[in-house]
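Comments concern the structure below.
The values are calculated or read from the model by the stated rules, or taken from the named source; none is laboratory data. Just so it is clear, the model here is predicted, and its values are computed rather than measured. Glycine gets a Cβ as well: all are built from the backbone with ideal geometry, and neighbour counts include every protein chain shown. For accessibility, only protein heavy atoms count, side chains too; no ligands or nucleic acids. Shrake-Rupley method; radii C 1.70, N 1.55, O 1.52, S 1.80 Å.
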Amino acid sequence: LYYQRQDGALRLLVEAWINDLETKVCDSGLSEDHPDFLDAVCDKIETYLSGIDEQIGRMATVLRAYARLRFEDKTEDAQLLLDWMCGDPNVPAASVTRLAAVKGRLEDADVKFFLRGLLEIIRFRQAGLILIVDELETATRIQSNLAKKTWEVLKDWTNAIADNEFPGLFMIATGTPA
């Protein structure tokens, strides 16, 4: 999920989603200049993501912090949080702890939970996400232990999508025959 800094897809998705949540808060009668406006938006973030899984808590925490930083015009700090969500190893852990009270780096186990959260954000406006896995044949040219792990991960993801663990996620796998 790593993206180009500044105008990445994740930022555009999150911005659109938060804008929609802000609109819902305004529609409920709370104006943007009301002192409780930001708290109401953060409550919407929490409510919207809470139905996914307990593990999504870190994502919700980061998105609430992102919304606050964005509201305060601290765009560089807000961008750091999105970079962290994408697994950027260059984001200092201390910065994320300071900005969002979240510790540690994203681990492999976090990917599925964050993807579920991302799908919820996407499905707020769209039908889903297409994941394209290209050049599968390259897995046949790598070390056998790594190739085996690659095929296992692909099988696990395929099964998870088939079992509807990721509603709205569609995968296309391609390769060129040898």
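As an exercise: evaluate residue 127 against (1) assigned to a helix (DSSP H, G or I); (2) in contact (Cβ under 8 Å) with a residue 12 or more places away in the chain and give the number of the one condition it does not meet.
The single condition residue 127 does not satisfy is (1).
At pLDDT 85 or above and either in a helix (DSSP H, G or I) or open to solvent by less than 70 Å² (accessible area, probe 1.4 Å) (or both), is that true of residue 22? Show your work before the answer.
Numbers: at pLDDT 85 or above: yes; either in a helix (DSSP H, G or I) or open to solvent by less than 70 Å² (accessible area, probe 1.4 Å) (or both): yes.
Here the answer is yes, as residue 22 does meet what is asked.
Can residue 161 be described as modelled with pLDDT of 90 or more and either open to solvent by less than 50 Å² (accessible area, probe 1.4 Å) or not hydrophobic (A, V, I, L, M, F, W, C) (or both)? Can you show your working first?
Numbers: modelled with pLDDT of 90 or more: yes; either open to solvent by less than 50 Å² (accessible area, probe 1.4 Å) or not hydrophobic (A, V, I, L, M, F, W, C) (or both): yes.
The answer is yes for residue 161.
State which residue is nearest to the chain's Cα centre (by Cα) when the search covers only the stretch 120-131 and only residues that are closer than 22 Å to residue 63 by Cβ and open to solvent by 40 Å² or more (accessible area, probe 1.4 Å).
Step one: filter the stretch 120-131 for residues closer than 22 Å to residue 63 by Cβ, giving 120-129, 131.
From the residues that got through so far, the ones that are open to solvent by 40 Å² or more (accessible area, probe 1.4 Å) too are 120, 123-127, 129, 131.
Details: 120: 9, 123: 12, 124: 13, 125: 15, 126: 15, 127: 16, 129: 12, 131: 14 Å.
By that ranking, first place goes to 120.
Checking residue 104 against (1) without any contact (Cβ under 8 Å) to a residue 40 or more places away in the chain; (2) more than 16 Å from residue 12 (Cα to Cα); (3) assigned to a helix (DSSP H, G or I); (4) small (Gly, Ala, Ser), which single condition isn't satisfied?
Exception for residue 104: condition (3).
I'd like the full set of residues that are crowded, with 20+ Cβ neighbours inside 10 Å and outside any helix (DSSP H, G or I), limited to the stretch 107-119.
Of everything in the stretch 107-119, nothing turns out to be crowded, with 20+ Cβ neighbours inside 10 Å and outside any helix (DSSP H, G or I).
Which numbered condition trips up residue 58, out of (1) farther than 22 Å from residue 173 by Cα; (2) charged (D, E, K, R); (3) modelled with pLDDT under 90; (4) open to solvent by 70 Å² or more (accessible area, probe 1.4 Å)?
Single failed check for residue 58: (4).
Out of all the residues in the stretch 27-42, is one or more under 17 Å from the mean Cα position of the chain (by Cα), closer than 13 Å to residue 100 by Cβ and at pLDDT below 95? Full working, then the answer.
Looking only at the stretch 27-42, we keep the residues that are under 17 Å from the mean Cα position of the chain (by Cα), and these are 42.
Checking which are closer than 13 Å to residue 100 by Cβ leaves us with 42.
Now restrict to residues that are at pLDDT below 95: 42.
Yes.
Of everything in the stretch 133-157 that's assigned to a loop (DSSP other than H, G, I, E, B) and more than 22 Å from the chain's Cα centre (by Cα), which residue is modelled with the highest pLDDT?
Applying the first criterion (assigned to a loop (DSSP other than H, G, I, E, B)) to the stretch 133-157 yields 134-135, 142-143.
Add one more test, that the residue is more than 22 Å from the chain's Cα centre (by Cα), and what stays is 135, 142-143.
Values: 135: 87, 142: 83, 143: 83.
Only one residue tops the list, namely 135.
Here are some residues: 77, 83, 73, 134. Which one is loosely packed, with under 13 Cβ neighbours inside 10 Å and touching a residue at least 12 places away in the same chain (Cβ under 8 Å)? Walk me through how you get there before you give the answer.
Working: 77 fails: loosely packed, with under 13 Cβ neighbours inside 10 Å; 83 fails: loosely packed, with under 13 Cβ neighbours inside 10 Å; 73 fails: touching a residue at least 12 places away in the same chain (Cβ under 8 Å).
Of 77, 83, 73, 134, the one residue that is loosely packed, with under 13 Cβ neighbours inside 10 Å and touching a residue at least 12 places away in the same chain (Cβ under 8 Å) is 134.
Check off (1) at pLDDT 85 or above; (2) over 13 Å from the mean Cα position of the chain (by Cα) for residue 53 and give me the number that stays unchecked.
Result: residue 53 fails condition (1) only.
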